[in-house]
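Taking it in order: structure first as structure tokens, then the write-up.
The values are calculated or read from the model by the stated rules, or taken from the named source; none is laboratory data. Not measured: the values here are computed from a predicted model. No Cβ is skipped: glycine too gets one built from the backbone with ideal geometry, and neighbour counts run over all protein chains shown. Each accessible area value is taken on the protein alone, full model and side chains, heavy atoms only, with ligands, DNA and RNA left out. Shrake-Rupley method; radii C 1.70, N 1.55, O 1.52, S 1.80 Å.
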Amino acid sequence: MECEIKEYSDLNEYFTSFFKNNNNISEIPFFVDGRPDLNKKIYDLSRNNIKIQDIFKSDYGIIISNDVLPYEKSSLFCNKWITVKKLLNLNFTSKTVVVIGLYKDFTQKKVLAMINYCYSHNTEVYFLVGRDLSSLTWLIGKQFLKDYFSWNKEGMFSLLNLSGFSNNEREFFDNKDLASKNVRKILEGNEWKQLVFHGHGKEDHLNLDDYTLTGMNDSVDAQIPFAPSIGHEGQAFFKDESKAVLIDKIKVKQLFFLSCNNFPFYDSRLYDSKFNIVLDAIDGWAESIIASIAVQSADSPELSMIIKHSDDYNIGFELNKCLSDIQAMISIITIGLPKVNVEITNSINNNHRLTSITCNILSRISNYTSSMMLNDDHPIKRMAKKIFSDYAPLTKRGRNGTTLKDMVKFENELINRVNPFSKRMAQIMFLNQNDNLHDFDGFNTYRSTIDPKSIYEEKCFSCDGLATHCLYVPEISSFFKIRASYCYRCGDKSAAMINMPTIKFTCDEYNKKDLTIHYKIEFISEQKGDVYFGIQLPSYIEQSVVTKLQIQRLKFKESNIVKVVEGDIKFKENTILQSYYLKLFAVQNGGIAVDRCFFNLI
């Protein structure tokens with residue numbers, strides 16, 4: 001439907017015209033007072049063939065500025081107008097709220113509690129705000145306009161390396177492009193459906209390497225003396241002015257400002273609002289703006305979410321959810337209304353972190369390098385340092401992708417890298433019972449305390465006696481947690497780093513005829529990864545053993561898998577008849593477990 005653009009200098013006439021739209025939208029009114037920049041934009045609009053669109057109707061509406069209370073007479077914005085106080089006493093879930101007011105009333109006192117409350121109730125909030133009444137009516141009017149430019153391009157600009165991202169409908173400009181392309185010409189020379197800016201910044205600017213997006217509206221007078229360098233007479237722009245891009249010069253429909261503090265609360269701002277980049281974007285062509293009210297840590301997961309869900313106009317809410325693993329506070333708000341008839345998407349899971357297995361392995365590797373359990377010349381410590389130096393940089397949030405598939409791929413790569421490490425550990429332990437790896441339990445338990453809640457008793461699987469179990473928790477994080485058990489009756493004991501397989505190690509009675517001891521080992525995996533294990537006897541009886549012992553390997557491709565290994569150990573006829581024990585050691589993903597099982601040669 002075509003419509004007429006009307007400009008009013010009288011506020012009462014503006015509202016009279018606006019309320020005519022409650023039943024049938026026939027014209028889009030704008031109120032302009034002392035804003036030549038908006039006069040020109042409205043004139044440019046009026047020369048086009050303007051079509052209108054219905055606007056999104058929220059469940060609730062709130063007015064935060066007395067100057068705009070007449071909007072409460074409109075039925076276009078929401079189903080019910082309420083106050084902030086009333087909203088905070090409502091019990092609701094998955095609703096929508098529109099908030100209308102001036103920037104001077106966008107304060108912590110008025111809106112922060114509401115923002116937090118709505119987020120905790122899975123509710124999206126849409127702000128319609130402006131630096132003054134002219135700016136606000138301009139933003140509201142734009143919500144009704146349909147395709148007044150071609151809006152034919154989408155772009156993402158970031159200081160990151162974006163080579164891992166792909167989308168046929170979007171152009172990517174990363175750190176390499178920012179150094180080699182004329183970003184200003186690209187931005188000002190196109191009509192953009194959506195632009196994502198990911199860089200460092202604050203309320204007056206956003207840095208993209210040598211280029212700077214900036215807000216400075218010459219049609220607005222400064223009210224306070226605080227200003228960035230460009231705001232002081234006779235003072236040059238703090239970087240190359242030829243690479244400064246005024247945000248309101250860019251023809252763009254939807255904007256993402258992924259930098260810190262670009263839209264702080266009015267009572268938290270540093271500079272006069274004349275220089276605010278988001279307010280300048282509101283005075284520009286953008287209908288919808290994702291802005292930051294605080295420091296925020298948007299990175300690859302958030303960029304990936306925007307690429308996949310750019311049509312979801314509740315993306316601000318979902319970005320906050322995505323950031324919840326790294327930020328304690330809400331940092332992102334949505335300015336402008338969502339599209340009508342676009343389904344609101346909730347619970348987009350776009351922020352998968354390192355898997356528990358990955359964290360467990362890298363924690364172990366780190367501990368080998370820092371705990372002093374091994375001396376600097378120990379081959380395992382040297383290997384651990386190399387693995388950790390290779391993988392620690394890759395643990396940065398979003399560095400290896402954002403999907404669960406990406407995290408599992410990284411996990412598998414790490415397991416494949418650490419399997420030879422585990423094998424080497426097993427070889428060293430097998431060849432030298434005096435190596436410090438064998439003393440992993442003693443080294444760590446004497447630097448730990450027992451968690452009283454971890455103590456429990458159960459039937460010993462070797463002798464039906466009573467076995468006591470506990471967990472040793474190190475006093476310093478660079479040591480290992482040790483799970484241990486001991487049986488009063490048979491003397492069997494076990495010690496294992498946490499997340500090692502559950503092991504049941506038993507021996508039969510001495511077979512006098514064959515001079516053998518039969519053993520049985522049951523492994524129940526807690527994590528996937530190859531297990532390297534070996535059986536040893538005390539050094540003083542090793543020469544009496546006929547059976548050739550060796551390291552064995554079991555492959556576990558997932559958790560909760562049970563595998564059983566059985567065998568016999570044959571002794572020489574002249575072996576001294578007394579009690580001995582078999583010692584089982586196992587290594588998986590850099591972790592160690594040791595079990596001791598007594599037997600009698602009688």
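Please pick out the residue among T16, T96 that is exposed (fewer than 15 other Cβ atoms within 10 Å of the Cβ) and of a type in the set (V, I, T).
Numbers: T96 fails: exposed (fewer than 15 other Cβ atoms within 10 Å of the Cβ).
Every option except T16 fails the conditions.
For the stretch 108-149, enumerate the residues that are among the basic types (K, R) and either buried (at least 21 other Cβ atoms within 10 Å of the Cβ) or touching a Pro at 6+ places or on another chain (Cβ under 8 Å) (or both).
Start the filter on the stretch 108-149 by keeping residues that are among the basic types (K, R), which leaves 109-110, 131, 142, 146.
Within the stretch 108-149, R131, K142 qualify.
Considering only the stretch 149-159, how many residues are under 33 Å from the mean Cα position of the chain (by Cα), not hydrophobic (A, V, I, L, M, F, W, C) and not in a strand (DSSP E or B)? Spell out the reasoning first.
Taking the stretch 149-159 first, the residues under 33 Å from the mean Cα position of the chain (by Cα) are 151-159.
If we keep only those that are not hydrophobic (A, V, I, L, M, F, W, C) too, we end up with 152-155, 158.
Applying the additional criterion that residues be not in a strand (DSSP E or B) yields 152.
Of the residues in that region, 1 qualify.
Suppose the filter is in the same structural domain as E27 (by the TED database), of a type in the set (A, V, I, L, M) and either touching a helix residue (DSSP H, G or I) at 6+ places or on another chain (Cβ under 9 Å) or at pLDDT below 95 (or both); does M114 pass it? Spell out the reasoning first.
Details: in the same structural domain as E27 (by the TED database): yes; of a type in the set (A, V, I, L, M): yes; either touching a helix residue (DSSP H, G or I) at 6+ places or on another chain (Cβ under 9 Å) or at pLDDT below 95 (or both): yes.
The answer is yes for M114.
Being over 13 Å from L537 (Cβ atoms) and open to solvent by less than 80 Å² (accessible area, probe 1.4 Å) is the filter here; which residues of the stretch 569-588 pass it? Spell out how you get there, then give the answer.
Our first condition is that a residue be over 13 Å from L537 (Cβ atoms); within the stretch 569-588, this holds for 573-574, 577, 586-588.
Within the stretch 569-588, A586, V587, Q588 qualify.
Within the stretch 192-208, identify whether any single residue is within 19 Å of I306 (Cα to Cα) and small (G, A, S), and answer yes or no.
From the stretch 192-208, those within 19 Å of I306 (Cα to Cα) are 192-200, 206, 208; that's our starting set.
Right, trim to small (G, A, S) and you get 199.
Checking the stretch 192-208: at least one residue is within 19 Å of I306 (Cα to Cα) and small (G, A, S).
With respect to T445, determine if the residue is out of contact with any Lys or Arg (no Cβ under 7 Å at 6 or more places or on another chain), more than 17 Å from S370 (Cβ to Cβ), at pLDDT 90 or above and surrounded by 14 or more Cβ atoms within 10 Å (Cβ to Cβ).
Details: out of contact with any Lys or Arg (no Cβ under 7 Å at 6 or more places or on another chain): yes; more than 17 Å from S370 (Cβ to Cβ): yes; at pLDDT 90 or above: yes; surrounded by 14 or more Cβ atoms within 10 Å (Cβ to Cβ): yes.
Taking the combined requirement at face value, the residue satisfies it.
Do you know which of the residues in the stretch 538-562 that are outside any loop (DSSP other than H, G, I, E, B) and of a type in the set (A, V, I, L, M) is most open to solvent (accessible area, probe 1.4 Å)? Break it down into steps so the answer makes sense when it comes.
Quick first cut of the stretch 538-562, residues outside any loop (DSSP other than H, G, I, E, B) only: 539-545, 552-554, 562.
Narrowing the set further to residues that are of a type in the set (A, V, I, L, M) leaves 541, 545, 554, 562.
Values: I541: 3, V545: 26, L554: 29, V562: 84 Å².
Within the stretch 538-562, the match that is most open to solvent (accessible area, probe 1.4 Å) is V562.
I'm checking my understanding of the structure. Among residues of the stretch 487-521 that are touching a strand residue (DSSP E or B) at 6+ places or on another chain (Cβ under 9 Å) and charged (D, E, K, R), which one is surrounded by the most Cβ atoms within 10 Å (Cβ to Cβ)? Write out each step before concluding.
Here is the first cut: in the stretch 487-521, the ones touching a strand residue (DSSP E or B) at 6+ places or on another chain (Cβ under 9 Å) are 487-511, 514-521.
Next, from what is left, pick out any that are charged (D, E, K, R): 489, 492-493, 504, 508-509, 514, 520.
On the way: R489: 12, D492: 23, K493: 17, K504: 16, D508: 13, E509: 10, D514: 11, K520: 14.
Filtering the stretch 487-521 for residues that are touching a strand residue (DSSP E or B) at 6+ places or on another chain (Cβ under 9 Å) and charged (D, E, K, R), the one surrounded by the most Cβ atoms within 10 Å (Cβ to Cβ) comes out as D492.
Here is a list of conditions, (1) under 20 Å from I25 (Cα atoms); (2) in a loop (DSSP other than H, G, I, E, B); (3) free of Cβ contacts under 8 Å to residues at least 40 places away in the same chain, and N49 meets all of them except one; can you say which number that is?
(3)
Hey, which of the helices (runs of 4 or more DSSP H) in the stretch 73-148, taking only ones fully inside, have at least 3 residues that are without any contact (Cβ under 8 Å) to a residue 60 or more places away in the chain?
Answer list for the stretch 73-148: 84-87, 113-120.
For the stretch 58-87, name all the residues that are hydrophobic (A, V, I, L, M, F, W, C) and open to solvent by 60 Å² or more (accessible area, probe 1.4 Å).
Result: L69, single match.
Name the single residue that is modelled with the highest pLDDT among those in the stretch 200-218 being touching a Gly at 6+ places or on another chain (Cβ under 9 Å) and open to solvent by 40 Å² or more (accessible area, probe 1.4 Å).
Selected residue: D209.
Which of (1) assigned to a loop (DSSP other than H, G, I, E, B); (2) open to solvent by 30 Å² or more (accessible area, probe 1.4 Å) does I55 not meet, given it meets every other one?
(2)
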